[in-house]
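Engineer: A single structure is presented below for examination.
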Amino acid sequence: MGEIQPLISMSAAFIACVAVEAVLVYTAPKHGWLALPNRRSSHLRPIPTLGGLGFALPIAAGLGYAALGGAALGGLALCAAGVGLMGLVDDVRELGRTPRLLGQFIFGGAALWLLPPDWPPWLLGAALVLLVWHVNLYNFMDGIDGLAGCACLFFCLAVQLLAGGAPGWLGDLLWTMVGAILGFMAFNWPPAKIIMGDVGSTFLGFLLAVCVIQLVAQEILPLASCLILLTGFWFDASYTLCVRMMTGQAFWEAHRTHLYQKVAQRKGHLWTTSAFLAFCLLWLLPLAHFAQARPAFGALCQLAAVLPLAMAAFLLRAGLPEEGAAFDR
């Protein structure tokens, strides 16, 4: 039974997600659940949103089922659902930055309390801040078709490969996420029929950050390997934010100046997402493996992971506005 459990988890999550996405694609336009073109959007036409519900529901249900073996996992499911619910409210009506951040800190703190790493208080505080940052950077990076889904799939599968199969509930969660995101990608691959919205991006950002904390705390993977696998997102979001702050821009406002958006303006959604996936598989994955095998070189591997993105961000002026930035390809 143990050998087929991953297949059962993936299949159930995939089927459930496809069913929910099919309903949402059909009903979203009727109810006005559409993402309209704006200063942040990379689409020139209204597109159905709330697609994150398709994978958030089966993933949360999977965590809830796992809670039969430990009440803490039920609490984690509720925390992830709470973050996703705030994203859902933000999709339907503006929630506001302050209550959104406050809620993320509360749910993040609760997750660390439920599954506490054996770390000193200052490190737990740093982990909470980084968890909330990851929730928001994932929200920043879901602007083009297929990108955020591919990033999640890559991380989950890479972790399972490098770890030889993560143990216990963490492994079950990763396989469930793989199945659910594959179902979502059937509708989100360029050209997308639906996008995940804040309900999906914040939900994934939260759970992936929790996974990293648990992978490091349980010594399944070193921190350097986890950060390398996530480099494509955290570096783009952090670099762009720093540039906008240093150049006196209203960095809290919506924009389309991330590196991935600059590339998509020139090459379109399909090329950008495909190139991102190739970069992850051909560059980040080998570096993460080397950092795992040779921990002393972890910082050097992280530098190597960042370098191509740093060069591209500088050359394409990530964080700086451009004329004629509208695109939808």
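Quick grid of which residues meet (1) part of a loop (DSSP other than H, G, I, E, B); (2) surrounded by fewer than 19 Cβ atoms within 10 Å (Cβ to Cβ); (3) modelled with pLDDT of 90 or more; (4) touching a strand residue (DSSP E or B) at 6+ places or on another chain (Cβ under 8 Å):
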site	(1), (2), (3), (4)
42	yes, no, no, no
65	no, yes, no, no
80	no, no, yes, no
83	no, no, yes, no
99	no, yes, yes, no
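Engineer: Scan 144, 194 and give me the residue that is part of a loop (DSSP other than H, G, I, E, B), more than 19 Å from residue 232 (Cβ to Cβ) and either touching a residue at least 12 places away in the same chain (Cβ under 8 Å) or of a type in the set (A, V, I, L, M, F, W, C) (or both).
Structural biologist: Just a single option satisfies the conditions, and that option is 194.
Engineer: Next up: Test residue 149 against the stated conditions and say whether it is small (Gly, Ala, Ser), buried (at least 22 other Cβ atoms within 10 Å of the Cβ) and outside the structural domain of residue 83 (by TED's automatic domain parsing).
Structural biologist: In short, no.
Engineer: Which residue out of 8, 59 is touching a residue at least 40 places away in the same chain (Cβ under 8 Å), of a type in the set (Val, Ile, Thr) and closer than 17 Å to residue 181 by Cβ?
Structural biologist: Being touching a residue at least 40 places away in the same chain (Cβ under 8 Å), of a type in the set (Val, Ile, Thr) and closer than 17 Å to residue 181 by Cβ holds for just one of 8, 59, which is 59.
Engineer: Just the residues that are under 16 Å from residue 276 (Cα atoms) and free of Cβ contacts under 8 Å to residues at least 60 places away in the same chain, please, taken from region 157-168.
Structural biologist: Within region 157-168, 157 is the sole residue that qualifies.
Engineer: Just checking, does region 254-271 include any residue being surrounded by fewer than 18 Cβ atoms within 10 Å (Cβ to Cβ), of a type in the set (D, E, K, R) and touching a helix residue (DSSP H, G or I) at 6+ places or on another chain (Cβ under 9 Å)?
Structural biologist: yes
Engineer: Which one of 312, 305, 296, 288 is surrounded by 14 or more Cβ atoms within 10 Å (Cβ to Cβ), modelled with pLDDT of 95 or more and more than 21 Å from the chain's Cα centre (by Cα)?
Structural biologist: Of the residues listed, the single one that is surrounded by 14 or more Cβ atoms within 10 Å (Cβ to Cβ), modelled with pLDDT of 95 or more and more than 21 Å from the chain's Cα centre (by Cα) is 312.
Engineer: Would you pick out the residues in region 191-222 that are under 23 Å from residue 283 (Cα atoms) and either over 17 Å from the mean Cα position of the chain (by Cα) or modelled with pLDDT under 95 (or both)?
Structural biologist: Residues satisfying the conditions are 216, 220, 221, 222.
Engineer: Can you confirm whether region 239-248 contains a residue that is out of contact with any strand residue (DSSP E or B) (no Cβ under 9 Å at 6 or more places or on another chain), assigned to a loop (DSSP other than H, G, I, E, B) and surrounded by fewer than 18 Cβ atoms within 10 Å (Cβ to Cβ)?
Structural biologist: Yes, the conditions are met somewhere in region 239-248.
The values are calculated or read from the model by the stated rules, or taken from the named source; none is laboratory data. All values derive from a computational prediction rather than experimental measurement. Glycine also receives a Cβ, built like all others from the backbone with ideal geometry; neighbour counts cover every protein chain displayed.
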